[in-house]
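Before any comments, here is the structure.
The values are calculated or read from the model by the stated rules, or taken from the named source; none is laboratory data. For clarity, every value in this text was computed on a predicted model and none was experimentally measured. With ideal geometry, Cβ positions are generated from the backbone for all residues, glycine too; neighbour counts draw on all protein chains shown.
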Amino acid sequence: MKADRYRFDGSRRCDLRELPCDGKQDNLDKEQILAKTARNLQEMASLQDALYADGREGLIFVLQALDAAGKDSTVKHVMGGLNPQGVLVTSFKQPNSEELSHDYLWRVHKALPPRGSIAIFNRSYYEDVLVVQLHDLQKTYKMPPRTLEEGKKAFFKKRYRQIRHYEEYLYDNGYRVVKIFLHVSKEEQRKRFLARIDNPAKNWKFSLSDVKERAHFDEYMDIFETVINETASEESPWFVLPADQKWYTRYLVSEIVVDTLRQCCHEYPRLRDEARAELQDCRTRLEAEE
């Protein structure tokens, strides 16, 4: 699948500045891509139904990106093709006072889906090594001095290790974690910000803080690159997808979702002999009503 070229599983290093933000290098035909996306959405629905019925494995899709990269629209246009009965969408905002009184994975663990279901994390525990790191927010946490005394670099090095171990723990307990970074260019972000300002229907999605964070665009790229390289694994890979063309991004995400679902347990439960006999009895009774 085309998304494989954007896959990072720890076997090679990710260099964000060498990776494309658009799909020009992939020789795209938009009409063909849209048709393939539609087929993927149909297959997603079928595979999800079997995953839900099987009930042995859970999926977690993590969406990370800078502002205006298309996280919300990806959830709407791609994940919207799934049956909502088996999907949990969680948007992780700035932690509240209760969440800050626990470890940073506490609120995430609460949002895990039951096996057989799919969780979509719009932002995630990765914010605790991204925004927190950029703005030195770890200093504001109510934590004992011993957790901070080794310095900033050591603090986040430990968090990378904790995240790797947490994702390994999830995998060993029947969950697959797939992490997607929507790689938008600085120029495309600027255009989308302007569109939000000019469109009254999108004004609510824009704030002054977005522009303030944009001033740290290059710093965020450096941190994202480190985070991806520190936490990518075979079992919980990162996909760094070009995000300047939303229709292409959605296709790549649909590819990833379909491929992941294919790897999961998705056998429909087999009935015991007694249950099958009961079904035959029900058939006989219903046919007799004719």
| request: Return the only residue of Arg159, Arg190, Arg164, Arg214 being buried (at least 16 other Cβ atoms within 10 Å of the Cβ), within 22 Å of Leu130 (Cα to Cα) and without any contact (Cβ under 8 Å) to a residue 60 or more places away in the chain. | output: Arg159
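Looking at Glu255, Glu290, Glu278, which is the one that is among the acidic types (Asp, Glu) and part of a loop (DSSP other than H, G, I, E, B)?
Numbers: Glu255 fails: part of a loop (DSSP other than H, G, I, E, B); Glu278 fails: part of a loop (DSSP other than H, G, I, E, B).
Checking each option against the conditions leaves just Glu290.
Considering each of Leu112, Leu182 in turn, give the residue that is of a type in the set (A, V, I, L, M, F, W, C), out of contact with any Phe, Trp or Tyr (no Cβ under 6 Å at 6 or more places or on another chain), crowded, with 19+ Cβ neighbours inside 10 Å and modelled with pLDDT of 95 or more. Full working, then the answer.
Values: Leu112 fails: crowded, with 19+ Cβ neighbours inside 10 Å.
Being of a type in the set (A, V, I, L, M, F, W, C), out of contact with any Phe, Trp or Tyr (no Cβ under 6 Å at 6 or more places or on another chain), crowded, with 19+ Cβ neighbours inside 10 Å and modelled with pLDDT of 95 or more holds for just one of Leu112, Leu182, which is Leu182.
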| query | For region 186-224, what are the residues that are more than 18 Å from Asp244 (Cα to Cα) and hydroxyl-bearing (Ser, Thr, Tyr)? | reply | Ser207, Ser209
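Is it the case, given these coordinates, that Glu225 is exposed (fewer than 11 other Cβ atoms within 10 Å of the Cβ), modelled with pLDDT of 90 or more and within 21 Å of the chain's Cα centre (by Cα)?
No, not satisfied.
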| query | Going through region 39-59 one residue at a time, which ones are under 14 Å from Arg176 (Cβ atoms), under 19 Å from the mean Cα position of the chain (by Cα) and of a type outside the set (Gly, Ala, Ser)? | reply | Leu47, Gln48, Leu51, Glu57, Leu59
| request: Give the residue that is surrounded by the fewest Cβ atoms within 10 Å (Cβ to Cβ), with candidates limited to residues of region 51-81 that are of a type in the set (A, V, I, L, M) and closer than 13 Å to Ser117 by Cβ. | output: Ala53
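Being at pLDDT below 95 and either more than 29 Å from Asp244 (Cα to Cα) or within 15 Å of the chain's Cα centre (by Cα) (or both): is that true of Ser101 here? Working first, answer last.
Numbers: at pLDDT below 95: yes; either more than 29 Å from Asp244 (Cα to Cα) or within 15 Å of the chain's Cα centre (by Cα) (or both): yes.
Judged against the criteria, Ser101 is a match.
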| task | State all residues of region 128-153 that are closer than 21 Å to Thr231 by Cα and either touching a strand residue (DSSP E or B) at 6+ places or on another chain (Cβ under 6 Å) or exposed (fewer than 11 other Cβ atoms within 10 Å of the Cβ) (or both); if no residue qualifies, say none. | result | Asp136, Gly151, Lys153
| task | Restrict the check to region 265-281 and report whether at least one residue is out of contact with any helix residue (DSSP H, G or I) (no Cβ under 8 Å at 6 or more places or on another chain), closer than 27 Å to His77 by Cα and not aliphatic (A, V, I, L, M). | result | no
| task | Could you check Thr37 against (1) at pLDDT 95 or above; (2) assigned to a loop (DSSP other than H, G, I, E, B) and say which number it fails? | result | (2)
| Is there a residue in region 256-275 that is out of contact with any Lys or Arg (no Cβ under 7 Å at 6 or more places or on another chain), among the hydrophobic types (A, V, I, L, M, F, W, C) and surrounded by fewer than 19 Cβ atoms within 10 Å (Cβ to Cβ)? | yes
| note | Across (1) over 30 Å from Val211 (Cα atoms); (2) of a type in the set (A, V, I, L, M); (3) touching a strand residue (DSSP E or B) at 6+ places or on another chain (Cβ under 7 Å); (4) free of Cβ contacts under 8 Å to residues at least 60 places away in the same chain, Ile118 clears everything bar (4)
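Considering only residues that are assigned to a loop (DSSP other than H, G, I, E, B) and free of Cβ contacts under 8 Å to residues at least 24 places away in the same chain, look in region 10-31 and name the one that is nearest to Ile228 (Cα to Cα). Explain how you work it out, then say what you get.
Step one: of region 10-31, the residues assigned to a loop (DSSP other than H, G, I, E, B) are 10-15, 19-23, 27-29.
Retained after the next criterion (residues that are free of Cβ contacts under 8 Å to residues at least 24 places away in the same chain): 12, 27, 29.
On the way: Arg12: 11, Asn27: 27, Asp29: 30 Å.
That would be Arg12.
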